[in-house]
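Engineer: Below you'll find the structure I mean.
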Amino acid sequence: MLLHEGDGTTVRMHLQFGVNAVSERNLFWNFSDTIAPGSGFDPDADWLEVYVKPGLSFETALDTGPVLYGKLSGVASYTFGTDAYDFGDTGRATLEEAYLGLEAGLAGGTSLDVSVGPRELKLGTGMLISNGGSSGFERGALKFGPRKAWEMAAIARLSGGAMTGTAFYIDPNERPASDGGNELAGLDLRWDDPAGGYAGMTYLNVLESGSPYIQAAPGGIGAPTVLPGAREGTNAINLYARTNPFDGALANWMFSADYAYEWNDEIDLRAWGGRVQAGYTFAGLPWSPMLTYTYQTFSGDDPDTPELERFDPLYYEGSPSAWATGSKSSMVSINSNVQSHGLALRLQPTKQDTVTLRYSHIRANELRSPIQFGQATRVDTTGGTANVVSGVTDAHLADDVFLEYSRIINRNTFLTAGVSVSLPGDGIETTVAGDVPNWTGGFVNVVFNF
């Protein structure tokens, strides 16, 4: 919303707000009835989320040529009722963006853009660096996740032609109850083709962190070991690429690939993760169907080695269209010690309407090894001997199906609705005694963006 324009200065007001109604049945495959029957946790939940994100931005051309710009915004969110993690009737108002920047043209057609302050930053496809803010729990709006900006960011971009180099320092906006004191820095080099393809590489280092890592017990028998502050000093390299549109026999095809390697000599960490995608658009058919196959995998800690191989997903973009492993299952398994085969069929009946059907077959990479922090640690009786086992003893975790509909009501109003089901695999079913039900749910939300 334009507030002022003149004398080389532009001032705009921004306003985004949304309402989301969510319903879940047999949350987490109803594990609470077996594992914690006295906890009072209700596996059937209905709740309403709301948030509002107002902001003000400006840019002004200086007499010497550079452009000074900045933005100030905040987020207020609330959850009515009790959500999937047993938090409800709670919310917070927090600062979102508060940055100043300077953009200047340099010799040879290059430009330099430098900014300091809380703001959003996504690198590559969002495999490691995307979601700088935490929502849910005491902050409310669990599913919406309206906070995206880093609590502090210093970003310098040098661009020339199709190449962009980015140096960054970031501090995530973590919830006070789980703030790990994380600080990261690194470099990103990216090439963007005008036709739409791209290729790039990110290097990052965790400068400071109090966040722990978890390691499987030797042989997978016994409780896992918690390594306090082990994330500090972790290095990662992320390679990413996507093809340009093809001509001839490969017309309507799309291919992309991502790979990340992590290491930390202090704790003997060597971990990896990646994704390959292939998509085909049936351009001659009504509704322009597009079918995409995705395989993504993230290393788990091998319980038969003394080294640590468990992948750290850091601050990935966790939506089903990005880096979530499954739909329901992504609420249980972070991107570590999991792999999935996924199919997505997207239909566009009109320019305003999109229908997407997603299916994910989800498996563990390492048996008897932690999947999520503290998950599936239990007593397993074999041959009359009781042993603590962390992880699963069968690789098949779940099969998730997610049907989503979105509509552009107008240039400022967006409607999204979805239903999903997670069918437990043998790895989940053998974790508890008795029958394990399907986990189902649905939502409908409206977002207004001005």
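The values are calculated or read from the model by the stated rules, or taken from the named source; none is laboratory data. Worth saying up front: this structure is predicted, and the values here are computed from it rather than measured. Quick reminder, even Gly has a Cβ in these numbers, built from the backbone with ideal geometry, and neighbours come from all protein chains shown. These area figures cover heavy atoms from the full protein model, side chains too; ligands, DNA and RNA do not enter into them. Shrake-Rupley method; radii C 1.70, N 1.55, O 1.52, S 1.80 Å.
Engineer: Quote the FRET efficiency, to the nearest 0.05, computed for Asp394 versus Val114 with a Förster distance R0 of 51 Å and r equal to the Cβ-Cβ distance.
Structural biologist: That pair, Asp394 with Val114, gives E of 0.45.
Engineer: Quick one: dipole size for segment 144-207, taken about the Cα centre, charges +1 on Lys/Arg Cβ and -1 on Asp/Glu Cβ, in debye to the nearest 20.
Structural biologist: Here the size comes out at about 140 debye.
Engineer: Label point 7 Å out from Leu291 along Cα-to-Cβ: which residues of segment 237-268 have amide N under 14 Å?
Structural biologist: Within reach of a label on Leu291, which here means backbone N under 14 Å from a point 7 Å along Cα→Cβ, segment 237-268 contributes 253-254.
Engineer: Using the Karplus curve 6.51 cos²θ - 1.76 cosθ + 1.60 with θ = phi - 60°, work out ³J(HN,Hα) for each residue of segment 155-167 in order, rounded to whole Hz, and write x for Gly and Pro.
Structural biologist: The phi angles translate into 10, 10, 10, 10, 10, x, x, 8, 9, 9, x, 10, 9 Hz.
Engineer: What's the FRET efficiency of Val52 with Tyr203 using the Cβ-Cβ distance as r and R₀ = 41 Å, to the nearest 0.05?
Structural biologist: Plugging the Cβ-Cβ distance into 1/(1 + (r/R0)^6) gives 0.65.
Engineer: May I pose another question? Taking H placed 1.01 Å from N in the peptide plane, check which residues at least 5 places from Leu121 or on another chain put their amide H under 5 Å from its amide H.
Structural biologist: Placed amide hydrogens put Gly132, Trp150 under 5 Å from Leu121.
Engineer: Dipole of segment 124-176, Cα-centred, from +1 at each Lys and Arg C-beta and -1 at each Asp and Glu C-beta, to the nearest 20 debye?
Structural biologist: That gives a dipole near 180 debye.
Engineer: Can you give me the C-alpha center-to-center distance between segment 1-26 and segment 212-241, rounded to a whole angstrom?
Structural biologist: Segment 1-26 and segment 212-241 have Cα centres spaced 39 Å from each other.
Engineer: Heavy atoms only, probe 1.4 Å: what % of the accessible area of the chain goes to carbon and sulfur, would you let me know?
Structural biologist: The C+S portion of the solvent-accessible surface of the chain is 59 percent.
Engineer: For the chain, what is the accessible area per residue in Å², given a 1.4 Å probe and the full set of protein chains?
Structural biologist: I get 45 Å² per residue for the chain.
Engineer: Another one. Determine the gain in length on full extension of the stretch Asp42-Asp192; use 0.36 nm per residue of separation and subtract their C-alpha separation, reporting nm with one decimal.
Structural biologist: 49.1 nm
Engineer: Express in nm, to one decimal, how much length is gained between Ile221 and Asp353 on full extension, taking 0.36 nm for each residue of separation and deducting their alpha carbon distance.
Structural biologist: 42.4 nm
Engineer: Here is a follow-up. Probe radius 1.4 Å, ligands and nucleic acids left out: which of Asp312, Asp171 has the largest accessible area, and how do the rest follow?
Structural biologist: Sorted descending by solvent-accessible area, the residues read Asp171, Asp312.
Engineer: Given the options Tyr280, Gly91, Met331, identify the residue whose Cα lies farthest towards the positive end of the charge dipole of the chain (+1 on Cβ of Lys, Arg; -1 on Cβ of Asp, Glu).
Structural biologist: Value computed over the given set: Tyr280.
Engineer: Between Ala417 and Phe282, what is 0.36 nm times their sequence separation minus the Cα-Cα distance? Round to one decimal in nm.
Structural biologist: 46.1 nm
Engineer: So, one more: Along the charge dipole of the chain, pointing to its positive end and built from +1/-1 on Cβ of Lys, Arg, Asp and Glu, which listed residue (Met201, Gly233, Leu367) has its Cα farthest out?
Structural biologist: Working it through, the farthest residue towards the positive pole turns out to be Met201.
Engineer: Dipole magnitude of the chain about its Cα centre, charges +1 at Lys/Arg Cβ and -1 at Asp/Glu Cβ only, in debye to the nearest 20?
Structural biologist: Roughly 1180 debye for the chain.
Engineer: Please give, to one decimal in nm, the separation of the simple spin-label points placed at Met1 and His341, each 7 Å out from Cα toward the Cβ.
Structural biologist: It is 5.1 nm.
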